[in-house]
1. Without any contact (Cβ under 8 Å) to a residue 40 or more places away in the chain and of a type in the set (D, E, K, R): which single residue out of 136, 129 fits that description?
2. Quick check, is residue 162 in contact with a Leu (Cβ under 8 Å, 6 or more places away or on another chain) and modelled with pLDDT of 95 or more?
3. Among 177, 214, 230, 198, which is buried (at least 19 other Cβ atoms within 10 Å of the Cβ) and in contact with a helix residue (DSSP H, G or I) (Cβ under 7 Å, 6 or more places away or on another chain)?
4. Considering only the range 20-34, state which residues are without any contact (Cβ under 8 Å) to a residue 24 or more places away in the chain and assigned to a loop (DSSP other than H, G, I, E, B).
5. All but one of (1) over 23 Å from residue 248 (Cβ atoms); (2) out of contact with any strand residue (DSSP E or B) (no Cβ under 8 Å at 6 or more places or on another chain); (3) in contact (Cβ under 8 Å) with a residue 24 or more places away in the chain; (4) of a type in the set (S, T, N, Q) hold for residue 17, so report the exception by its number.
6. So which residues in the range 102-113 are surrounded by 11 or more Cβ atoms within 10 Å (Cβ to Cβ) and either at pLDDT 70 or above or among the aliphatic types (A, V, I, L, M) (or both)?
7. Just for strands (runs of 3 or more DSSP E) wholly inside the range 160-261: which have at least 1 residues that are farther than 20 Å from residue 146 by Cβ and in contact (Cβ under 8 Å) with a residue 12 or more places away in the chain?
8. Would you mind telling me which numbered condition in (1) in a helix (DSSP H, G or I); (2) in contact (Cβ under 8 Å) with a residue 12 or more places away in the chain; (3) among the charged types (D, E, K, R) residue 59 fails?
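The values are calculated or read from the model by the stated rules, or taken from the named source; none is laboratory data. Quantities reported herein were computed from a predicted structural model and do not represent experimental measurements. So basically every Cβ, Gly included, is an ideal-geometry build from the backbone, and we count neighbours across all protein chains shown.
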Amino acid sequence: MLAIGEFSRLTHLSVRTLRRYHEADLLVPATVDEATGYRYYAAEQIPTAQVIHRLRELDVPLPDVRRILRSPEPAARAALVADHLRRLEAELDRTRVAVASLRRLLAPEPAPVHVELRSVPAATVAAVEGDVELEEVLPWYAGAMAELDAAVAEPDGPPGGLYDNALFEVGRGHVLVHRPTARPPTLGRVRPVTIPAVELAVATHVGPHDDIDVTYGEVGAWVVANALAVAGPVREAYLVGPRDTPDPSAWRTEIGWPVFQVSPR
């Protein structure tokens, strides 16, 4: 038997941590002296302690560590670890995107976004629409676009979307995604919808969508500087996106803000 201090030195887990793992029923000592309460560990527990140490270094939550250790099947243990690693990779990607956005925002002289005014005529398109919670927009969009892809065999241009102001202001609003086509079908949720004519201030967001809000802000600043006002809903056109290439640096998204001239005071 190894006293808790000896076991601590061998495993690089502090005595305090070992006590916490015991209380959490994660790493139970081989025996506990009833008179003194001293904890003693077996040498065979050293590999288990090392596995716990590595998992905790990867920020695996204690309940998940417990499930991994108690899983009798190696494949199940590997699947649990792989799931956590995927979550870590996703968090790392989000961190990288946030850092890139901050650098873009904090640059002494950021490159000005190119904005143009564009008159867009009315058009009848194949569309799916509905009222959506902001946090559900991405899965809703994926489902709607899958239906549009199945219903529209020969689209006449890139897909697009219209996003109600309320979606951003109160977290729920009307969303419409569409594909231009000469004969919009009626199939499932897909319906012909006529999108009205509009004047747009248009800019192209380059790269992944995680920091698209930065481009939105730049367009908004341009709109204010040019004595225009926004008259939503915002329009987006997905010139190149995840459905076209897995390379985020190649993605191109047009942001179109419906605008009108502000009367001079």
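1. Just a single option satisfies the conditions, and that option is 136.
2. When the stated conditions are applied, residue 162 passes them.
3. 177
4. Those that are without any contact (Cβ under 8 Å) to a residue 24 or more places away in the chain and assigned to a loop (DSSP other than H, G, I, E, B): 28, 33, 34.
5. For residue 17, the failing item is (3).
6. Hits for the range 102-113 are 102, 105, 113.
7. 172-180, 191-195, 198-206, 228-230, 234-240, 252-261
8. For residue 59, the failing item is (1).
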